[in-house]
Amino acid sequence: MHSQVHYLPLTPGLFAILVTAFVGLIILIQLRILRYAYMRLGISSGAAFLLLLGSLIGSYFNIPVTELPAPSVRTGEIVDFFGMRYIVPPVSHWPGTIVAVNVGGAVIPTLMSVYLVIRYRLLASAAVATAAVTFVIHMLATPIHGLGIAVPVLAPVVTTAIVSLILSREYAPPLAYISGSMGTLLGADLLNLDKISGLGAPVASIGGAGTFDGIFLTGILAVLLAGVVAPARPRPV
């Protein structure tokens, strides 16, 4: 049963779009066109490559945490939401809804966010930014039968860019990554756990289908949007 909790959160076509965006970004970084943006985030271009690659590969893997009873479980479907197509994995002999943590959409962003908070001592501002993003994302989060919780794909990107720039121009890039990742996980997934059991989803993946695309694009776009207008590379303390 546990082998069936691992699956791509998006249809192959949409996942290929994220892979293409990743490859294009890496090419631009290697050409030093966008390298400065990730330097402002406090990581090298090589570390940025590993971070994004790890998120893509890790999106396939889910770590089971607990099991919720469900009257009926939907399986083997494709769910459309705001132009995105999410996969409901085909399962058999399924007892209910498995609550899991996605490696690429939850574990890696959380570890990176903790690193940025410690490196730049952003505990207070990161808490405020994350709370603001959490509120907005929670208002936009939608329970989807067979899938779990989903948010419009660009909502985390736009929200985190605006919030991080309002709070700090100097530290906008790391704030964008922290608040975008943590705010989406909290607002969409963790604060809606009480709604999961009635959706008939075989796997409710925290940071997975429904939110992974937003979190991954936040790692690319929100940081770049904030980095373009940030006055200088933030100084570690």
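The values are calculated or read from the model by the stated rules, or taken from the named source; none is laboratory data. Here the structure is a predicted model, which means the values were calculated and not measured. No Cβ is skipped: glycine too gets one built from the backbone with ideal geometry, and neighbour counts run over all protein chains shown. These area figures cover heavy atoms from the full protein model, side chains too; ligands, DNA and RNA do not enter into them. Shrake-Rupley method; radii C 1.70, N 1.55, O 1.52, S 1.80 Å.
Tabulated results
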| read-out | value |
| --- | --- |
| Probe 1.4 Å, accessible area per residue of region 115-218, Å² | 33 |
| Rounded FRET efficiency, nearest 0.05, which uses the C-beta distance separating Asp194 from Ile63 and R0 of 25 Å | 0.75 |
| Vicinal HN-Hα couplings computed from phi for region 198-214 (Karplus, 6.51 cos²θ - 1.76 cosθ + 1.60; Hz; Gly/Pro x) | x, 8, x, 7, x, 9, 9, 9, 6, x, x, 4, x, 10, 4, 4, x |
| Cut-off under 5 Å, modelled amide H: who pairs with Ile144 long-range | Ile149, Ala150 |
| Protection proxy ranking of 196-203, 102-109 - average other beta-carbon atoms within 10 Å, highest first | 102-109, 196-203 |
| Net charge, Val151 excluded, C-beta distance under 11 Å - Lys, Arg +1, Asp, Glu -1 | -2 |
| Amide H contacts under 5 Å for Val99, placed H, 5+ residues apart | Val65, Thr66, Glu67, Leu68, Ala204 |
| Sorted peptide list for 133-145, 181-193, criterion being average Cβ within 10 angstrom, highest first | 181-193, 133-145 |
| Region 167-193 versus region 127-147: alpha-carbon centroid distance in Å | 10 |
| Note, ³J(HN,Hα) from phi for region 98-103, Karplus 6.51, -1.76, 1.60, rounded to Hz, x at Gly and Pro | 8, 8, 9, 10, 7, 5 |
